[in-house]
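Data first, discussion second: the structure below is written as structure tokens.
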Amino acid sequence: MRLAILLSGRGSNFAAIHGAIVRGDLDAEIVCVISNRPDAPGIAHARTLGLPAHAVDHRAFDSRAAHEAAVLAILEKEKPDFIALAGYMRLLSPAFIAAYPMRIINIHPSLLPAFPGVDAQGQAIVYGVKLSGCTVHFVDENLDAGPIIVQRAVEVRADDDASTLAARILEEEHAAYVEALVKLASGDYCVDGRRVVFN
Ligand code: GRF
């Protein structure tokens, strides 16, 4: 499986995916890591690992379309089977998504459809849910809304705040992302409406 990673920040999910590949738990090759933020720790990490790393600063472009065209040009060259968003803080246009239907995946730190958007962990604390977690899903044109591949639940404790909950969810994110990619790499699944069915 040829895998492209798009990130904007810390890159711990990217590191977890890379670690799984190195351990032999995931049969994949990271063909490129792209960041819209040149100073993202994740892109620096990709460079130290010797992976093809591209900083495509969105602020250097006049429009979303122009920035996306630059990202798409890299992807067209590297021909990934899947594009994993790993803390990529840019909304993708419908045209971008249409270029890779059911091949762009994202991780979100809640049990979707609860708490889409920013600060999902803080939203969970404020709402008072007793369970939250993370969701790996295909990306469609709606925010945090595409068909669900893997979910993992995390208990919300009485003394949690957004940051302690986020830290425990993040551990599950790392495992869930690898689990989802292993399943996708098997190729043994179909997408039936909203349902991703693994055989
Ligand atoms: C994660 O919480 C992920 O769910 C969200 O952004 C965060 C990225 O963290 N989409 P990292 O950069 O992978 O450490």
Those residues of the range 67-109 which are of a type in the set (A, V, I, L, M) and farther than 15 Å from SER35 by Cα, in sequence order: ALA95, ILE97, ALA98, ALA99, MET102, ILE104, ILE105, ILE107
Can you tell me which residues in the range 9-32 are surrounded by fewer than 20 Cβ atoms within 10 Å (Cβ to Cβ), in a loop (DSSP other than H, G, I, E, B) and small (Gly, Ala, Ser)? GLY9, GLY24
Test for LEU91: is it over 21 Å from LEU184 (Cβ atoms) and within 16 Å of the ligand (Cβ to nearest atom): yes
What are the pairs, 6+ residues apart or on separate chains, where a residue within the range 99-125 that is among the basic types (Lys, Arg) has its Cβ under 6 Å from a residue that is modelled with pLDDT of 95 or more and more than 13 Å from the ligand (Cβ to nearest atom)? ARG103/PHE82
Any residue at all in the range 131-142 that's touching a residue at least 12 places away in the same chain (Cβ under 8 Å), under 17 Å from ARG10 (Cβ atoms) and not β-branched (Val, Ile, Thr)? yes
Residue list for the range 33-49, filter: in a helix (DSSP H, G or I) and crowded, with 20+ Cβ neighbours inside 10 Å: GLY42, ILE43, ALA46
Quick one: is VAL150 modelled with pLDDT of 95 or more, within 16 Å of the ligand (Cβ to nearest atom) and buried (at least 19 other Cβ atoms within 10 Å of the Cβ)? yes
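What are the residues in the range 66-77 that are among the charged types (D, E, K, R) and over 18 Å from the mean Cα position of the chain (by Cα), if any?
Residues of the range 66-77 that are among the charged types (D, E, K, R), as a first pass: 68, 76-77.
Residues satisfying the conditions are GLU76, LYS77.
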Any residue at all in the range 128-146 that's farther than 27 Å from ASN36 by Cα, out of contact with any Lys or Arg (no Cβ under 8 Å at 6 or more places or on another chain), of a type in the set (A, V, I, L, M) and at pLDDT 95 or above? yes
Restricting attention to the range 23-65, report how many residues are more than 22 Å from CYS134 (Cβ to Cβ), of a type in the set (A, V, I, L, M), more than 13 Å from the ligand (Cβ to nearest atom) and within 19 Å of the chain's Cα centre (by Cα). 6
State which residue is farthest from the ligand (Cβ to nearest atom) when the search covers only the range 153-177 and only residues that are under 19 Å from the mean Cα position of the chain (by Cα) and exposed (fewer than 14 other Cβ atoms within 10 Å of the Cβ). ALA153
Could you tell me whether ALA180 is within 15 Å of the ligand (Cβ to nearest atom), touching a strand residue (DSSP E or B) at 6+ places or on another chain (Cβ under 9 Å) and closer than 19 Å to LEU7 by Cα? yes
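The values are calculated or read from the model by the stated rules, or taken from the named source; none is laboratory data. Owing to the predicted nature of the structure, the values given are computational and were not obtained by experimental measurement. We place every Cβ from the backbone using ideal geometry, glycine too, and count neighbours over all the protein chains shown.
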